[in-house]
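One structure is given below, encoded as structure tokens.
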Amino acid sequence: MKTAIDDTAARIAALNGPDADRHARDFAHLAERMATRGIDVESVLARLGRLRIAVPSWALGTGGTRFGRFSEPGEPTTVFEKIDDIAMLDALTKANAEVSLHIPWDEPDDADALRAHLDERGIACGPINSNTFQDRGRPVEPRSSYKFGAVSNAWEEAQSRAVDHMLQVMTLGERLGSRALTVWLSDGSNHPGQQNFRAALDRTIDNLARVYAALPAAWLMYTEHKPFEPAFYSSVNPDWGTSLLIARALGPQCRCLVDLGHHLPNANIEQIVATLLRERRLGGFHFNDSKYGDDDLTAGSVKPFQLFLICNELVAAAADGLHADRAPDLMIDASHNVKDPMEDLLQSTEAILLAFAQAMIVDRASLAQAQAANDAALAQECLQDAFRSDVRPLVREVRRRAGGALHPMHALRALGYRATVASRRGSIRATGL
């Protein structure tokens with residue numbers, strides 16, 4: 001019996017048809033050039049094909065600002081609809097077979113039914129996120145509110161509520177097949193003198209230690225730093241150094257998560273990544289881009305060279321055997337204010353894959369020699385040569401072989417997916433960030 005997935009695959013194959021010959025020529029030309037440089041094309045394709053970029057459940061709906069939000073027709077309002085959208089993304093990219101859920105935003109009434117839906121759609125549950133920065137409109141006692149923080153709050157009632165929530169999230173994550181808990185702490189202060197910095201950090205570590213003690217053997221905990229927002233005077237975990245300090249205090253199953261927008265302007269993120277790799281404490285990424293702050297823009301849309309340099313550190317570390325036990329988790333974290341969220345997610349996925357492909361063709365032997373000789377010009381040339389290479393045929397070939405789309409965003413439009421789900425779900429919905 002023919003299924004809807006089979007039908008989608010057949011339609012994608014048909015859409016690839018008109019571009020098949022041109023792609024074959026482009027790929028053959030690039031493969032020949034790579035071969036003359038001693039690069040094993042099949043090895044690069046295999047490594048690209050193993051990359052999995054998790055889709056954040058919250059990014060499947062339109063984002064917004066404090067000024068307003070403009071819904072997209074057919075936005076998902078249930079976690080089941082979100083999984084359906086991710087399954088379509090993965091059918092196109094063959095790289096998005098994983099979801100990063102956010103609790104309680106995605107808390108299901110029936111965890112077993114959600115697990116069955118994930119399995120049916122071929123989507124794995126990636127790192128699961130706890131929410132201790134919103135009361136979510138639920139009536140709570142003032143001393144249990146997250147208004148003044150969660151695990152760093154001076155009031156024990158708020159601390160206990162946050163810890164209990166994280167433990168419940170882990171229990172749900174186990175049932176859904178997740179292997180990591182992501183902890184972003186919005187804790188901080190808005191005014192000088194509001195909070196005792198040392199005491200707040202002590203409370204944070206002590207409470208996270210209670211969560212860490214309950215981690216299943218195969219799980220990791222990720223601490224995610226951010227220098228500002230929602231508190232604008234101080235954050236309890238403001239930078240990668242504090243995040244590393246917390247991780248070391250908790251134990252080897254705690255690692256750091258790097259969100260590309262969670263840094264002060266002009267921070268050298270690739271050096272931060274390299275340092276965390278050296279310490280075996282890099283847990284994963286939230287990929288996005290920014291112009292001014294934590295803008296949550298499409299990955300690689302503003303600073304593509306920075307994205308390449310970050311991926312270059314990851315590829316180099318993998319070649320050196322770092323994180324051989326478990327590669328860092330790759331996730332997107334974006335807010336789509338004016339774009340169709342699914343199209344934006346496809347563009348972010350493409351940018352990440354391209355940056356990895358560019359990093360995989362860096363002439364590492366020449367780069368190492370240039371670095372050893374303090375030849376700054378030649379070292380830069382090694383990186384620029386890879387960055388300026390058009391590696392789109394590599395990424396497209398990986399997708400083609402797996403049954404994905406040569407041009408995912410155009411294929412999504414041609415398939416009419418947005419109109420189809422809008423007719424079923426309705427035109428005006430409220431979800432997303």
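Yes or no, residue by residue, for (1) within 19 Å of the chain's Cα centre (by Cα); (2) exposed (fewer than 14 other Cβ atoms within 10 Å of the Cβ); (3) over 18 Å from ASP329 (Cβ atoms):
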{"position": "ALA199", "(1), (2), (3)": "no, yes, yes"}
{"position": "ASP206", "(1), (2), (3)": "no, no, yes"}
{"position": "HIS225", "(1), (2), (3)": "yes, no, no"}
{"position": "ALA231", "(1), (2), (3)": "no, no, yes"}
{"position": "VAL236", "(1), (2), (3)": "no, no, yes"}
{"position": "ASP239", "(1), (2), (3)": "yes, no, yes"}
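Would you check which residues across region 11-39 are modelled with pLDDT under 95 and either within 18 Å of LEU406 (Cα to Cα) or among the hydrophobic types (A, V, I, L, M, F, W, C) (or both) and list them?
Residues satisfying the conditions do not exist here.
Please enumerate the residues belonging to region 105-134 that are part of a loop (DSSP other than H, G, I, E, B), surrounded by 15 or more Cβ atoms within 10 Å (Cβ to Cβ), of a type outside the set (D, E, K, R) and in contact with a helix residue (DSSP H, G or I) (Cβ under 9 Å, 6 or more places away or on another chain).
TRP105, PRO108, ILE123, PRO127, ASN131, THR132
Scan (1) in a loop (DSSP other than H, G, I, E, B); (2) at negative phi; (3) surrounded by fewer than 22 Cβ atoms within 10 Å (Cβ to Cβ) for the single condition GLY137 breaks and write down its number.
(2)
Filter region 154-186 for residues that are in contact with a strand residue (DSSP E or B) (Cβ under 9 Å, 6 or more places away or on another chain), hydroxyl-bearing (Ser, Thr, Tyr) and without any contact (Cβ under 8 Å) to a residue 60 or more places away in the chain and give the result.
Once the filter is applied, which keeps residues that are in contact with a strand residue (DSSP E or B) (Cβ under 9 Å, 6 or more places away or on another chain), hydroxyl-bearing (Ser, Thr, Tyr) and without any contact (Cβ under 8 Å) to a residue 60 or more places away in the chain, region 154-186 yields only SER186.
Search region 357-406 for residues being among the polar types (S, T, N, Q) and assigned to a loop (DSSP other than H, G, I, E, B), and hand back the single one that is farthest from the chain's Cα centre (by Cα).
ASN374
Which one of MET221, MET166 is in a strand (DSSP E or B) and either touching a helix residue (DSSP H, G or I) at 6+ places or on another chain (Cβ under 9 Å) or small (Gly, Ala, Ser) (or both)?
Going through MET221, MET166 in turn, the sole match is MET221.
Which one is farthest from GLY193 (Cα to Cα) among residues in region 241-256 that are of a type outside the set (Lys, Arg) and buried (at least 21 other Cβ atoms within 10 Å of the Cβ)?
CYS254
Looking at the structure I just gave you, is VAL99 in contact (Cβ under 8 Å) with a residue 40 or more places away in the chain and assigned to a strand (DSSP E or B)?
Judged against the criteria, VAL99 is a match.
All but one of (1) in a helix (DSSP H, G or I); (2) under 25 Å from GLY251 (Cβ atoms) hold for ASN153, so report the exception by its number.
For ASN153, the exception is condition (1).
Quickly run through region 35-74 and pick out the residues that are over 21 Å from VAL99 (Cα atoms) and in contact with a Lys or Arg (Cβ under 7 Å, 6 or more places away or on another chain).
SER71, PRO73
Report yes if LEU354 is at pLDDT below 95 and within 24 Å of the chain's Cα centre (by Cα), otherwise no.
So LEU354 fails the test.
The values are calculated or read from the model by the stated rules, or taken from the named source; none is laboratory data. Quick caveat, the model's predicted, so the values are computed rather than measured. A quick note on method: Cβ atoms are made from the backbone with ideal geometry, for glycine too, and the neighbour counts reach across all protein chains shown.
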